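Derivation of every value follows stated rules applied to the coordinates shown; laboratory data play no part. Since the model is a prediction, treat every value here as computed from it, not as a measurement. Heads up, the Cβs are rebuilt from the backbone with ideal geometry, glycines too, and the neighbour counts pull from every protein chain shown.
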Amino acid sequence: MGIKLKEINAVVKDELKEYDAVFREILTSNVFLIDTVAKYLVRNKGKGLRPLLVILSAKLLGPPVRETYVVASIIELLHTASLVHDDVIDNANIRRGFPSINALWKNKIAILMGDYMLSKSLIGATMTGSLEVMQKLAIASKRLSKGELLQIEKARHLNVTEEDYFAIISDKTAALIGTASELGAITVSQKKEDHENLKNFGENLGIAFQIKDDLLDYYGHQKILGKPVGNDFRDKKITLPLIHSFKKASRKEISKIKRLLKKGVSQKDVDYIIRFVEEHDGIRYSEKKIDEYAQKAKNYIAGYPDSEIKTGLYKFVDFTINRSN
């Protein structure tokens, strides 16, 4: 039996209630349409990993304060805004097993709702009164867009190297997870060393998280994942398992896979690509990289005194890399 998320949540149960109240307070408006869409998002929200990480990172160093919950809320708003925009870009109709915002309210409302949540996260940052928090959030926001744009550019030519891949996921995913743990630290500690340790913890965790996410596309199930398996192939996204397999394959095999991706893959093509990756060690190589980055993350907090919170952060890493969705 693996680690359950509720085990980790239990460590900061009261703090999560406080966060939930602040999040709803920041998100609420006096516009019926906004509140309707917001309620749908809250009802079908994900696991809340990023706010949980903010709170755990803060509590490792000291008792969380009002700013900790504001930061947890603005991180979740920025993350949700990026997902709403991603679904429009990808023409995705399913998100976490439920109809996406663009599927229910069409693209125009989805884009504007994403913009609203982005602006709310920036306003929330000003509520902390900290220029540093505002700057860190703005940089994370920029990196999110940069990572997505680089991924789109590389997908056009199907020429992603391993270096490109790590640059993409570092910006697309690790930036926000690193910022979550760093800002959590900033709300309770004035030590730059703490800020750096928690930032590096989150960045390495974020890389492990995204490799795992990409790997789930190879051996997941739609009912569990909440999205179709092989979706990355349909979107012409080349991720680490395939990149590594290309290094070991013949030019003829690589050309065939790229041809399939260009024309648009069928389920039969998806099965063929997965078999190709298994045969060329792409899955095992990716799993090895996940373990490497997870260990790097743990190393950044190893020097802190043993506590329930430190154990919770270690469990957070293990949950992230062993999850099935």
On Cα atoms only, tilt of 131-157 relative to the major axis of the chain in degrees | 10 degrees
Where does each of 317-325, 3-11 land if you order them by average Cβ count within 10 Å, highest first?
-> 317-325, 3-11
If one takes the longest principal axis of the Cα atoms in the chain, at what angle in degrees, from 0 to 90 and to the nearest 10, does the Cα axis of helix 308-322 lie?
-> 20 degrees
What does the helix-only formula give at 222 nm for the chain: each DSSP H stretch with n ≥ 4 adding -39500 (n - 2.57), the total divided by the residues, and the result rounded to the nearest 500 deg cm²/dmol?
-> -25500 deg cm²/dmol
Report relative contact order for region 53-179 in percent, whole number only (criteria: Cα-Cα under 8 Å, sequence separation at least 6).
-> 23 percent
Please give the net charge around Ala58, taking every other residue with its beta carbon less than 11 angstrom from that of Ala58, where Lys and Arg add +1 and Asp and Glu add -1.
-> -3
For region 268-282 and region 1-37, what is the separation of their C-alpha centers, rounded to whole Å?
-> 39 Å
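At most 14 other Cβ atoms within 10 Å and a DSSP loop assignment: could you name the trypsin sites (Lys or Arg not before Pro) in region 140-199 that fit?
Lys191
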Using amide H atoms built 1.01 Å from N in the peptide plane, name the residues 5+ places from Phe98, or on other chains, whose amide H lies under 5 Å from its own.
-> none
Largest fluctuation, Tyr300, Tyr285, Tyr314 only, Gaussian network model of the chain with Cα springs under 10 angstrom, belongs to Tyr285
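Can you pull a Stokes-Einstein diffusion coefficient for region 151-282 at 10 °C (1.306 mPa s), Rh from Kirkwood over Cα pairs, as a whole number of µm²/s?
Values: Rh = 16.1 Å.
Translational D for this selection: 98 µm²/s.
Could you give the Stokes-Einstein D for the chain in µm² per second, using the C-alpha Kirkwood radius, 20 °C, 1.002 mPa s?
For these conditions, the coefficient is 105 µm²/s.
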Highest GNM mean-square fluctuation among Tyr40, Tyr293, Tyr69, for the chain with Cα springs under 10 Å, belongs to Tyr40
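Could you tell me the convex hull volume per residue, in Å³, taken over the Cα atoms of region 28-74? Present the calculation step by step, with values, prior to reporting the outcome.
Values: hull volume 3.4 nm³, N = 47.
Convex hull of Cα atoms, per residue: 72 Å³.
How high is the relative contact order of region 5-299, in percent, with contacts defined as C-alpha pairs under 8 Å that are six or more residues apart? Don't skip to the end; give the middle numbers.
Working: 379 pairs, mean separation 52.0, N = 295.
The normalised contact order for region 5-299 reaches 18 percent.
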Would you mind telling me which residue in Ile290, Ile139, Ile211 has the biggest mean-square fluctuation in a Gaussian network model of the chain, where springs connect alpha carbons within a distance under 10 angstrom?
-> Ile139
Measuring from the lowest to the highest alpha carbon on each principal axis, how far does region 52-124 reach, largest first, in angstroms?
-> 44, 26, 15
To the nearest 10 degrees, how steep is helix 49-61 against the longest Cα principal axis of the chain, on a 0 to 90 scale?
-> 50 degrees
Kirkwood hydrodynamic radius (Cα pairs, Å) of region 1-123?
-> 15.2 Å
From the C-alpha gyration tensor of region 138-198, pull out the three semi-axes of the equivalent ellipsoid (sqrt of 5λ each), sorted largest to smallest, in whole Å.
-> 30, 11, 6
